[in-house]
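Undergrad: I'd like to ask you about the structure that follows.
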Amino acid sequence: MRKLIVAAFVSLDGVLQGPGGPQEDTSGGFAHGGWTVPFADQVFGASIDALFAQPFDLLLGRHTYDIFAAHWPRVPADSNDADLAKLFNGVTKHVATHRPESLDWQNSRALGDDVIGALRTLKAQDGPDLLTQGSGALVQQLLATDLVDTLQLMTFPVLLGAGKRLFGTDAQAVTFSLQTSVVSPTGIVVSRYTRAGAVETGSFGLD
């Protein structure tokens with residue numbers, strides 16, 4: 001079976017919108033695009049390299065897909081990002097979209113009308129893990145339907161106040177186990193959590 005991994009850059013208040021640049025995603029009047037860039041350091045870079053070192057298929061919502069499709073195929077061969085561009089261009093992209101006819105980035109596949117059903121089928125098959133990037137609305141659906149096996153979070157020491165959030169209000173209650181955690185010199189907390197089971201409760205005797 002494949003694992004479904006949600007990988008996200010997230011602020012202290014849970015925002016994941018527009019991490020990579022001022023014009024990446026300005027929807028809703030978001031004014032803080034590029035908020036991750038000042039914190040980038042060697043630990044951040046090494047964590048990104050490790051994330052993409054294992055075989056994976058990309059799992060994308062339509063908005064993130066359009067951002068990626070407009071960028072990665074156009075990265076010059078002599079760019080510092082050329083290796084990552086080659087990787088992203090080559091892997092299979094599974095896309096939640098109502099416009100499958102317009103998926104023109106190579107190796108892109110629409111998930112169809114029943115996105116959750118399609119993902120359950122994909123997870124049950126052999127193949128590389130399914131890895132999200134961005135795609136906040138889709139990630140919230142995955143959390144609401146208990147499809148997420150691993151959370152790979154990079155939490156940045158910044159409050160943004162507004163923007164698209166990683167976690168909605170309808171996520172399934174579930175416990176995750178912390179597998180690894182490291183703090184970068186600039187204060188990014190890189191944490192990997194795996195699904196552990198049902199939520200247990202208790203009391204400190206204050207009832």
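The values are calculated or read from the model by the stated rules, or taken from the named source; none is laboratory data. Everything numeric in this text was worked out from a predicted model, so none of it was measured. Accessible surface areas use protein heavy atoms only, side chains included; no ligands, DNA or RNA. Shrake-Rupley method; radii C 1.70, N 1.55, O 1.52, S 1.80 Å.
Undergrad: Could you tell me the distance between the Cα centroids of the stretch 101-129 and the stretch 57-80, to the nearest Å?
TA: 17 Å
Undergrad: Give me the lysines in straight-line cross-link reach of Lys123: C-alpha distance below 24 Å, same-chain residues under 8 apart excluded.
TA: Straight-distance partners of Lys123: Lys3, Lys93.
Undergrad: Summing -39500 (n - 2.57) over the DSSP H runs of n ≥ 4 in the chain and dividing by its residue number, what mean residue ellipticity at 222 nm do you reach, to the nearest 500 deg cm²/dmol?
TA: -6500 deg cm²/dmol
Undergrad: Okay, next question. Match the structure shown to one of the listed values (1) 42; (2) 47; (3) 50 of percent of Cα pairs over 23 Å apart, computed from it, and give that label.
TA: (2)
Undergrad: Separate question: Given a 10 angstrom Cα cut-off, can you work out which residue in Arg192, Arg74, Arg62 is the most mobile in a GNM of the chain?
TA: Arg74
Undergrad: What order do Lys93, Lys123, Lys164, Lys3 take when sorted by accessible area (1.4 Å probe), most exposed first?
TA: Greatest to least solvent exposure: Lys3, Lys164, Lys123, Lys93.
Undergrad: Something else now. What ranking of Glu101, Glu24 comes out by heavy-atom accessible area, probe 1.4 Å, highest first?
TA: Correct descending sequence by accessible area is Glu101, Glu24.
Undergrad: Ignoring ligands and nucleic acids, what accessible area does Thr201 show with a 1.4 Å probe (Å², nearest 10)?
TA: Spelled out: Thr201, probe radius 1.4 Å, area about 130 Å².
Undergrad: Would you please classify the overall shape of the stretch 57-124 from the alpha carbon gyration tensor, given that a ≥ b ≥ c denote the square roots of the eigenvalues, rounded means a/c under 1.5, and beyond that prolate means a/b larger than b/c while oblate covers the rest?
TA: It is prolate, given that a/c is not under 1.5 and a/b is the larger ratio.
Undergrad: Further question on the same structure: Label the stretch 1-119 by shape, choosing from rounded, prolate and oblate, from the square roots a ≥ b ≥ c of the eigenvalues of the Cα gyration tensor; if a/c is under 1.5 it is rounded, and otherwise prolate applies when a/b is larger than b/c, oblate when it is not.
TA: rounded
Undergrad: Here's a follow-up. Please give the per residue accessible area of the chain, computed with a probe of 1.4 Å over protein heavy atoms only, in Å².
TA: 54 Å²
Undergrad: What do you reckon, how do Leu58, Leu87 stack up by accessible area (1.4 Å probe), largest on top?
TA: Leu87, Leu58
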